[in-house]
1. Can you tell me which of Asp74, Asp68, Asp162 is at pLDDT below 95, surrounded by 16 or more Cβ atoms within 10 Å (Cβ to Cβ) and among the acidic types (Asp, Glu)?
2. Here is a list: Val56, Val43. Which entry is open to solvent by less than 20 Å² (accessible area, probe 1.4 Å) and either assigned to a strand (DSSP E or B) or in contact (Cβ under 8 Å) with a residue 60 or more places away in the chain (or both)?
3. Kindly check whether there is at least one residue in the stretch 15-38 that is part of a helix (DSSP H, G or I), under 21 Å from the mean Cα position of the chain (by Cα) and not charged (D, E, K, R).
4. Mind counting the residues in the stretch 171-224 that are over 16 Å from Thr153 (Cβ atoms), polar (S, T, N, Q) and surrounded by 18 or more Cβ atoms within 10 Å (Cβ to Cβ)?
5. If the Cβ limit is 7 Å and pairs must be 6+ apart or interchain, which residue in the stretch 266-282 that is more than 19 Å from Trp243 (Cβ to Cβ) pairs with which residue that is open to solvent by less than 40 Å² (accessible area, probe 1.4 Å) and small (Gly, Ala, Ser)?
6. crowded, with 24+ Cβ neighbours inside 10 Å and either assigned to a loop (DSSP other than H, G, I, E, B) or among the hydroxyl-bearing types (Ser, Thr, Tyr) (or both): which single residue out of Thr145, Thr113 fits that description?
7. Please determine whether any residue of the stretch 98-109 is assigned to a strand (DSSP E or B) and farther than 27 Å from Gly88 by Cβ.
Amino acid sequence: MQGQDLYLTSIGAYLPPVFSTERAVAEGLVKPDWVADGQLTGVRVAGDEPAPEMAVRAVRQLFERSGDEPAAVDLIIYASVWHQGPDGWGPQSYVQRAIGGDALAVELRHGCTGGFSAMQLASGYLRGNPAHTSALIVGAENFGTAMIDRWSTTGQGMLVGDGASAVLLSKNRGFAKLLWADSIAVPELEEMHRSGEPLFPPGATTGRQLDFSDRNRLFLQSGGMEKMRPLLAKAHHELYLSWTGATGLSIDDVTYFGYMNTSLEVIEKRLLPLIGLPPERTTWEIGRDIGHLGISDQLVALDRLLADGSLKPGDHYLMNGLGPGMTVAGALVEILDVPGWVAR
């Protein structure tokens, strides 16, 4: 998706307190080598605060910053990864009740690339409806349940954190322009995130703990590595051709690259060789005490980069993520103005 007519008018972020990896190692919650020799310093832990309530916090900050009327939003997309509340209930309606209005509100489940998918869907919705102006994209997670171990479930070099993010996509000029968003599907690798697990009954109904590291291990042992690397490399290359072709920009034009919160070692070995950027132009440092937040890593990092002045008018922020399916996805924004909430 190429975009020359849609803007980011505001963002919001909410992060609970830090639970240090030093404490986690001391309490036997995580293996020392899984925190990448000190590269990962902590994760955010929300305790018993529900994910939808954190989402509302991020959304309220977004509207406090923008001054827009929340009830005037034309679309709400709530992108989630983990369980949000009671089965048969929708967290998008919880957010909508908090802000008001009667817009179409939906929950989107597309793994850790759900934020990018939401941008694509929201863009099409706004462009296809002349009377509609803005779409709210929000996501939140609290992984603190017995069915997941935040310290080990994703494997070595990545820990799971709690938090929320929100972005307002609009036809009206904002602090940044959405230049591009796209996703590349790699369905040949869908088995990677279910290997060794039955399709029925669903694990959530039997109390079976989610363990991606074990599933991935089984997948790789069955020969998955031989096809995974070339397929993912091809998908990343296709994504590169997508954004460079749509925008006319190159990697030299990228000021910062936002990726999922993981260790420097993982980024240096698996990602940076594919994109050709040095670590200091990535957001890995920001995520060291946050953990992987599902869909929110890249937007929380954008919030931080704006707040500390690292991104200025004329800069470009490239975001990228990977999710079950598998899917490789990303978005590129151009910073137009210093946001008012930063300038104040």
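The values are calculated or read from the model by the stated rules, or taken from the named source; none is laboratory data. The shown structure was predicted, so the numbers you read here are calculated from the model rather than taken from an experiment. Virtual Cβ from ideal backbone geometry, glycine too; neighbours counted across all protein chains shown. What goes into the accessible areas is simple: the full protein's heavy atoms, side chains included, and nothing from ligands, DNA or RNA. Shrake-Rupley method; radii C 1.70, N 1.55, O 1.52, S 1.80 Å.
1. The unique qualifying residue is Asp68.
2. Val43
3. Yes, some residue in the stretch 15-38 is part of a helix (DSSP H, G or I), under 21 Å from the mean Cα position of the chain (by Cα) and not charged (D, E, K, R).
4. Our first condition is that a residue be over 16 Å from Thr153 (Cβ atoms); within the stretch 171-224, this holds for 171-191, 198-202, 205-206, 220-224.
Checking which are polar (S, T, N, Q) leaves us with 172, 183, 205-206, 221-222.
Now narrow it down to the ones that are surrounded by 18 or more Cβ atoms within 10 Å (Cβ to Cβ): 183.
Qualifying residue count for the region: 1.
5. Within 7 Å, the pairs are Val266/Gly157.
6. Thr113
7. no
Quick grid of which residues meet (1) touching a Leu at 6+ places or on another chain (Cβ under 8 Å); (2) free of Cβ contacts under 8 Å to residues at least 12 places away in the same chain; (3) not in a helix (DSSP H, G or I):
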| position | (1), (2), (3) |
| --- | --- |
| Asn216 | no, no, no |
| Ser222 | no, no, no |
| Glu226 | no, yes, no |
| Ala233 | yes, no, no |
| Leu241 | no, yes, no |
| Asp252 | no, yes, no |
